[in-house]
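The values are calculated or read from the model by the stated rules, or taken from the named source; none is laboratory data. Note that the coordinates shown come from a computational prediction; the quantities given were computed from them, not determined experimentally. Here Cβ is always computed from backbone atoms with ideal geometry, including for glycine, and neighbour counts include all displayed protein chains.
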Amino acid sequence: MIEETRKDALERMKKSVTALEHDLAKVRTGRAHPSLLDHITVSYYGSEVPLNQVANVNVEDGRTLAVTPWEKNMVQPVEKAIMKSDLGLNPSSAGSVIRVPLPALTEERRRDLIRVVRHEAEQARVAIRNIRRDANSDLKDMAKEKLISEDDQHRGSDEIQKLTDEYTGKIDKLLEKKEEDLMSV
């Protein structure tokens with residue numbers, strides 16, 4: 001029973017860290033990266049589909065992405081979707097290729113992005129702590145119902161705390177790496 005609680009907490013903590021990695025990938029640094037456009041959806045024959053399902057996204061140089069739609073008639077909708085996105089990018093099409101130049105980040109914008117990144121990391125830490133709280137609550141309930149002994153409950157709580165520390169450390173490392181990326185010119 002304790003092992004099931006531990007495994008459940010472990011899985012949920014892994015998912016929290018994965019979600020943070022995904023969120024941090026959306027925050028753009030000064031460099032071009034195909035994953036910047038991952039969350040953009042395009043209207044494709046009446047349904048919204050991710051950009052990477054209707055076009056190929058490549059890095060042309062350090063500050064430019066090249067988006068090549070697979071169908072010629074998708075150039076306009078893809079360009080429009082990139083413009084409407086929350087990234088503040090201005091794509092320009094040349095035939096069937098859409099070039100997306102990434103403007104250099106100002107110092108002020110970098111600081112704003114760091115604030116956003118820190119907030120995302122704090123949200124992930126809160127999620128980890130909530131998972132710890134739920135797991136400890138489950139252990140307490142098991143002890144109350146005499147399914148496990150108090151010693152087992154304390155041992156289980158210690159294991160859950162070790163997991164919490166481990167995953168909080170992973171979040172801190174991700175945050176540190178992203179802040180470093182944002183501050184490098």
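Do the conditions hold for residue 38, that is, is it at negative phi and at pLDDT 80 or above? Step through it out loud before you land on a result.
Working: at negative phi: yes; at pLDDT 80 or above: no.
No.
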* Structure fact -> Among residues of segment 84-95 being surrounded by 14 or more Cβ atoms within 10 Å (Cβ to Cβ) and not in a strand (DSSP E or B), the residue modelled with the lowest pLDDT is 87
* Please tell me if residue 39 is surrounded by fewer than 18 Cβ atoms within 10 Å (Cβ to Cβ), under 27 Å from residue 180 (Cβ atoms) and assigned by TED's automatic domain parsing to the domain that holds residue 166. => no
* To do: Please list, ordered by first then second residue, the pairs with beta carbon atoms under 8 Å, 6 or more apart or interchain, first in segment 140-151 and under 12 Å from residue 2 (Cβ atoms), second in a loop (DSSP other than H, G, I, E, B).
  => 142/1; 142/148; 143/149; 147/1; 148/1
* Structure fact -> residue 18 passes all but one of the listed conditions (1) at pLDDT 85 or above; (2) not in a helix (DSSP H, G or I); the exception is number (2)
* To do: Considering only segment 23-36, state which residues are surrounded by 13 or more Cβ atoms within 10 Å (Cβ to Cβ) and free of Cβ contacts under 8 Å to residues at least 24 places away in the same chain.
  => 25, 26
* Asked: What residue, of 173, 178, is free of Cβ contacts under 8 Å to residues at least 12 places away in the same chain and within 25 Å of residue 112 (Cβ to Cβ)?
  -> 173
* Structure fact -> Per the list (1) touching a residue at least 40 places away in the same chain (Cβ under 8 Å); (2) out of contact with any Gly (no Cβ under 7 Å at 6 or more places or on another chain); (3) of a type in the set (A, V, I, L, M); (4) surrounded by 14 or more Cβ atoms within 10 Å (Cβ to Cβ), residue check on residue 1 breaks on (4)
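Name the single residue that is farthest from residue 123 (Cα to Cα) among those in segment 168-178 being surrounded by 15 or more Cβ atoms within 10 Å (Cβ to Cβ) and under 14 Å from the mean Cα position of the chain (by Cα).
First, the residues of segment 168-178 that are surrounded by 15 or more Cβ atoms within 10 Å (Cβ to Cβ): 168, 170-171, 174-175, 178.
Narrowing further to those that are under 14 Å from the mean Cα position of the chain (by Cα): 170-171, 174-175, 178.
On the way: 170: 14, 171: 10, 174: 13, 175: 12, 178: 15 Å.
Across segment 168-178, the extreme among qualifying residues is 178.
Could you count how many residues in segment 34-75 are part of a loop (DSSP other than H, G, I, E, B), in contact with a helix residue (DSSP H, G or I) (Cβ under 8 Å, 6 or more places away or on another chain) and within 17 Å of residue 101 (Cα to Cα)? Reasoning before the result, please.
Pass one, segment 34-75, residues part of a loop (DSSP other than H, G, I, E, B): 38-40, 45-46, 54, 62-63, 70-71.
With in contact with a helix residue (DSSP H, G or I) (Cβ under 8 Å, 6 or more places away or on another chain) added as a condition, the list becomes 38-40, 54.
Subset that is within 17 Å of residue 101 (Cα to Cα): 38, 40.
Selection size over segment 34-75: 2.
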